1. If I go through segment 37-81 residue by residue, how many of them are in contact with a strand residue (DSSP E or B) (Cβ under 9 Å, 6 or more places away or on another chain), under 22 Å from A25 (Cβ atoms) and assigned to a loop (DSSP other than H, G, I, E, B)?
2. Just to be sure I understand the filter: pairs with C-beta atoms under 7 Å, separated by 6 or more residues or on different chains, first member in segment 5-22 and surrounded by 15 or more Cβ atoms within 10 Å (Cβ to Cβ), second member in a strand (DSSP E or B) and of a type in the set (K, R). Which pairs pass?
3. Between V77, V83, V62, which is closer than 20 Å to R9 by Cβ, buried (at least 17 other Cβ atoms within 10 Å of the Cβ), out of contact with any helix residue (DSSP H, G or I) (no Cβ under 6 Å at 6 or more places or on another chain) and not charged (D, E, K, R)?
4. Going by what's in this entry, would Q32 be described as on the phi > 0 side of the Ramachandran plot and not charged (D, E, K, R)?
Amino acid sequence: MASYRIEVRLSAVKELEAIPEKDLARVTARIQSLADNPRPPACEKLSGQERYRLRQGDYRIVYEVDDSRQAVTVVKVGHRREVYR
């Protein structure tokens, strides 16, 4: 299986920078794992939009998958209490 390219929106980069260092490594590793499997069993499709959500501890990674371009775009990363606002 070909691996997907990971793209991170500028707004998501800023959100990543705000995550404490102890959690950042795990969140980053989880994002990297999407290259091999953009729809892991743990992901959930968000209703009403072509986006998926992945949990990593208290953080949520919201992303879009474009199969034609073989790309995963990270749209939003944040603490679970803030990510859906």
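1. Residues in segment 37-81 being in contact with a strand residue (DSSP E or B) (Cβ under 9 Å, 6 or more places away or on another chain), under 22 Å from A25 (Cβ atoms) and assigned to a loop (DSSP other than H, G, I, E, B): 6 in total.
2. A12/K76; E15/K76
3. Answer to the check: V62.
4. No, not satisfied.
The numbers here are math on the coordinates, done by the rules we state, and not lab data. Just so it is clear, the structure is predicted and the values come from calculations on it, not from any experiment. Note that each Cβ is placed from the backbone with ideal geometry, even for glycine, and that neighbours are counted across all protein chains shown.
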